[in-house]
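As structure tokens, the structure follows; a few thoughts come after it.
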Amino acid sequence: MRVVAAVDKFRGSATAADVAHAIGQACWELGHDCDEFALADGGEGLLEALGGANRTNVVTGPRGEPVEAPWRFHRGTAIIEMARASGLTLAGGAEGNDPLEATTAGTGELIDAALTAGAKRIIVGLGGSATTDGGLGALRAISAPVRLRSVELLVACDVTTRFVDAAAVFGPQKGATPAQIKLLTGRLERLADQYRDQFGADVRDIPGSGAAGGIAGMLAALGGQLIPGFELVADELGLHDAVDGADLIVTGEGHLDRQSFEGKVVGGVAGIAAEYGVNVGAVVGIADDNVRHRIPIRVIADLYGLDRAMREPLWCIEHAARDLIESLTT
């Protein structure tokens, strides 16, 4: 039997590649072939999913300090994960962030480096950002931004929030107070006018343009295509081809909840499985009660206890996957 392991990371305990390998080991023990896919939804994990970093630049971090930002450049394609240059974690979380001053300059510097390196195709993964600057910091860091119109610019995002709404929707999780959200919203309104006048694009009307504090809108104004992150990663890795003709798909992530089925990896994999008529199940760390019925699952915290699930996640995933596969194939 041929099984496809198509999984996200278990945040804080196992990378997507390690999870896929653990499921592959379970398949090997059962005598099945397994194609392993380490996936991401466009934010954190995109860089690793698409080959991993092979370059590092020192860029301007979200608080203005220098940070080392890894990225990838291979055969004319650059892969940039915004969180590595302008992420909330780099700013010290919501408590350490300055929502009014946080800048996307570092992400712009990586894009500029990709253009200088001769990239013909640039993929930018959004998510986990500290910023609500509407992408202005990035724009100022790109020398001759018009150069982006001569490359294929793909922007991975998993939200539909519009540009001017970015502060109200995402500001609180970045540490912004109600008064700061009002100021940031006013700034975004002015930037929308600026981008319309400068680039001829009305970012207010573009679904997803508010992603990562509005940098998605700026990149769209420069010709970027906003694409759901899971779809982009699945296409890049050829997941559809692997699923076509498979006997079973095993997906998984650390926390299964309602959002898992709204643009995230588990929901995306389940959708592809349905498209090709292939059985699918999931191994997860923990699961909310209201989604446990959506697909067959094994929850390692339930099976082995939360403490062991955190200490020995790969052992737990392998054994849970073996039990799941046996239940779905007998």
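The values are calculated or read from the model by the stated rules, or taken from the named source; none is laboratory data. Keep in mind the model is a prediction, meaning the values are calculated, not measured. Backbone-built Cβ (ideal geometry, glycine too); neighbour counts: all protein chains shown. In case anyone asks, the SASA skips ligands and DNA or RNA and just uses the protein heavy atoms, side chains included. Shrake-Rupley method; radii C 1.70, N 1.55, O 1.52, S 1.80 Å.
Output the number of residues of the stretch 104-118 satisfying the condition of being outside any helix (DSSP H, G or I) and crowded, with 23+ Cβ neighbours inside 10 Å. It would help to see each step written out before you state the result.
In the first step, residues of the stretch 104-118 are kept if they are outside any helix (DSSP H, G or I); the result is 104, 117-118.
After this cut, where a residue has to be crowded, with 23+ Cβ neighbours inside 10 Å as well, the list is 104.
Summing the residues that are outside any helix (DSSP H, G or I) and crowded, with 23+ Cβ neighbours inside 10 Å in the stretch 104-118 gives 1.
Could you please give the count of residues in the stretch 287-314 that are without any contact (Cβ under 8 Å) to a residue 60 or more places away in the chain, open to solvent by 70 Å² or more (accessible area, probe 1.4 Å) and hydrophobic (A, V, I, L, M, F, W, C)?
2
Just to check your reading of the model, which residue among 67, 58, 19 is closer than 22 Å to residue 231 by Cα, at pLDDT 95 or above and among the aliphatic types (A, V, I, L, M)?
Just a single option satisfies the conditions, and that option is 19.
Condition test on residue 153, is it closer than 20 Å to residue 99 by Cα and open to solvent by less than 70 Å² (accessible area, probe 1.4 Å)?
no
How do the strands (runs of 3 or more DSSP E) wholly within the stretch 20-95 filter down when requiring 3 or more residues that are open to solvent by 50 Å² or more (accessible area, probe 1.4 Å) and of a type outside the set (Phe, Trp, Tyr): which remain?
Of the strands (runs of 3 or more DSSP E) lying wholly inside the stretch 20-95, those with at least 3 residues that are open to solvent by 50 Å² or more (accessible area, probe 1.4 Å) and of a type outside the set (Phe, Trp, Tyr) span 33-38, 55-60, 66-74.
Taking into account only those residues within the stretch 197-220 that are charged (D, E, K, R) and touching a residue at least 24 places away in the same chain (Cβ under 8 Å), which is surrounded by the fewest Cβ atoms within 10 Å (Cβ to Cβ)? Don't jump to the end; show me each part of the working.
Going residue by residue through the stretch 197-220, those that are charged (D, E, K, R) are 197, 202, 204-205.
Now restrict to residues that are touching a residue at least 24 places away in the same chain (Cβ under 8 Å): 204-205.
On the way: 204: 18, 205: 11.
Across the stretch 197-220, the extreme among qualifying residues is 205.
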